[in-house]
Amino acid sequence: MSDDDVATVGSTVAAPVRASHEPPERDITDGGPDMVQFLAADGTRVPLTEVNSPYAAYLDELEDEALRGLLRDLILVRRVDSEGFALQRQGELGLWPSLLGQEAAQVGPGRAMRPQDYAFPGYREHGVAWCKGVPPENLLGMFRGVNHGGWDSQANNFHLYTIVIGNQMLHAVGYALGVQKDGDVATGDPGRDTAVMAFTGDGGTAQGDFNEALVFAAVANAPVVFYVQNNHWAISEPNERQFRVPPYRRADGFGFPGVRVDGNDVLASYAVSRAALERARGGEGPTLIEAFTYRMGAHTTSDDPTKYRISAEVDIWKAKDPVDRMRKHLLAEGVVDEAWLREVEAEADELARRIRHACQTMPNPPHEEMFEHVYAEPHPVVAREAAEFADYHAGFDD
């Protein structure tokens with residue numbers, strides 16, 4: 001399908017054909033009057049409004065060091081992502097789902113969580129993983145196919161990636177109900193009270209598991225925050241093929257709050273997530289956050305987005321790049337300077353070298369490991385298959 005074809009897909013009325021370089025007829029980057037935002041696309045601070053003022057106090061708490069930390073996270077997470085993409089293209093990884101353009105939508109909630117808060121990701125949440133302390137090398141191990149997931153989920157309170165779209169939402173609610181049963185909610189102890197965050201994309205909202213999770217969370221008043229990264233494309237399906245109302249408004253039907261936040265604004269993403277997490281820890285129940293963002297790259301490295309979206313759409317979103325936005329803001333405020341930025345770029349270079357070396361030197365696991373941990377208890381069928389596989393490989397010994 002060409003760029004011209006894309007312009008008319010899904011329409012029963014003949015629409016004027018636009019070339020790939022022509023911008024969309026409406027501003028698809030406009031999140032509407034309900035969207036919480038603190039940084040404009042050029043990095044300037046947005047004045048307080050009725051919409052963003054309830055969250056402003058969380059930003060007042062951030063010292064310069066914390067602000068620099070957020071920008072450092074954005075830069076390093078983007079570098080991790082670019083290395084993952086390059087390694088896949090060079091045949092070192094089987095697949096890589098890029099988060100390009102969604103860094104702020106992940107670093108914001110990642111830094112809003114406390115150590116005891118538990119995250120349930122999809123498979124693109126490399127920025128959340130970074131904030132939860134999961135080494136990037138472990139992410140690569142999964143996509144290289146040399147381990148059973150890549151990390152101990154209990155070590156960082158960051159669950160293994162979930163490839164089945166949307167089912168992590170039910171897992172998150174189940175865990176949140178366990179937290180509730182353990183009495184780790186509304187105790188007033190900041191080191192004990194726990195919340196759960198469940199991450200998915202806009203496409204995940206069309207899954208039954210997503211909607212079932214919202215039902216369970218609502219009726220149980222579970223301490224969970226549902227975080228939808230609306231990157232506008234569920235693989236090749238645009239928003240208008242996924243829903244008729246924005247995801248954040250869906251929370252109304254389940255009986256708990258929904259908020260739309262500028263997902264390319266790390267300050268807004270952080271502040272809104274802080275508020276929702278504190279609400280959950282305090283026993284006030286679930287919240288649904290829609291991070292209004294954009295997937296700048298392909299769905300995964302096996303996808304070709306030029307087949308279903310026009311290049312002009314991507315160009316418009318490039319002007320609202322989340323990393324550039326925060327960089328411009330902190331430079332203008334004097335919180336960082338060019339020397340500091342050079343140091344972080346040098347750190348990113350070193351991180352890239354470390355990741356690349358770790359990926360290329362990962363040992364291949366013994367073949368028989370593929371039969372381990374399939375079931376919690378020994379299983380006769382798996383045992384038989386493992387023996388047959390061992391005999392097959394033994395036939396090559398000579």
Percent RCO, i.e. relative contact order, over the chain, from Cα pairs under 8 Å lying at least 6 residues apart: 24 percent
Label-point separation in nm, SER302 to VAL146, each point 7 Å along Cα→Cβ: 2.1 nm
Estimated distance in nm for a label pair at ASN138 and GLU61, the labels positioned 7 Å out from Cα along Cα-to-Cβ: 2.6 nm
Relative pair counts by distance (%), Cα atoms of region 243-355, 10 Å bins: 11, 25, 33, 24, 6, 0
Viscosity 1.002 mPa s, temperature 20 °C, Stokes-Einstein D of the chain from Kirkwood C-alpha radius, µm²/s: 96 µm²/s
Between region 232-300 and region 35-51, the alpha-carbon center distance in angstrom: 17 Å
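Working out 0.36 nm times the residue gap between TYR392 and GLU278, then minus their Cα-Cα distance, what length gain in nm do you get to one decimal?
Working it through step by step, the gained length comes to 35.5 nm.
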Theoretical FRET efficiency, 1/(1+(r/R0)^6), r = Cβ-Cβ of TRP340 and VAL245, R0 51 Å, to 0.05: 0.75
Filtered trypsin sites (Lys or Arg not before Pro), region 232-306: DSSP coil and at most 14 other beta carbons within 10 Å: ARG244
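State the three equivalent ellipsoid semi-axes of region 202-301, derived from the C-alpha gyration tensor as the square roots of 5 times its eigenvalues, in descending order and whole Å. Spell out each step's value before the answer.
On the way: eigenvalues 107, 57, 21 Å².
One finds semi-axes of 23, 17, 10 Å for region 202-301.
Would you be so kind as to identify all helices of the chain, as entire DSSP H runs, whose Cα atoms reach 24 Å or more along the helix's own axis and whose mean Kyte-Doolittle hydropathy is at least -0.5? Show your work: numbers first, answer last.
Working: long enough: 64-89 (38 Å, -0.12); 338-360 (33 Å, -0.82).
Those that clear 24 Å and a mean of -0.5 are 64-89.
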Taking the convex hull of Cα positions in region 32-181, its mean projected area over all directions (nm²): 11.1 nm²
Global geometry of region 113-265, whether rounded, prolate or oblate, following the gyration tensor of its Cα atoms and the 1.5 cut on a/c: oblate
For ARG260, distant residues with modelled amide H under 5 Å away: VAL36, GLU290
Sequence ranges 282-293, 33-44, 112-123, 360-371, ranked by mean other-Cβ count within 10 angstrom, highest first: 282-293, 112-123, 33-44, 360-371
Amide H partners (placed H, <5 Å) of VAL224, local residues excluded: VAL196, THR287
Rough spin-label spacing in nm, given labels placed 7 Å along Cα→Cβ, for ARG384 and GLU212: 3.1 nm
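Here, each number is a calculation from the coordinates, and none is a lab measurement. In this text, all values refer to a predicted model and were calculated from it rather than measured experimentally. Don't worry about glycine lacking a Cβ; one is built from the backbone with ideal geometry, like all the others, and counts go over all protein chains shown.
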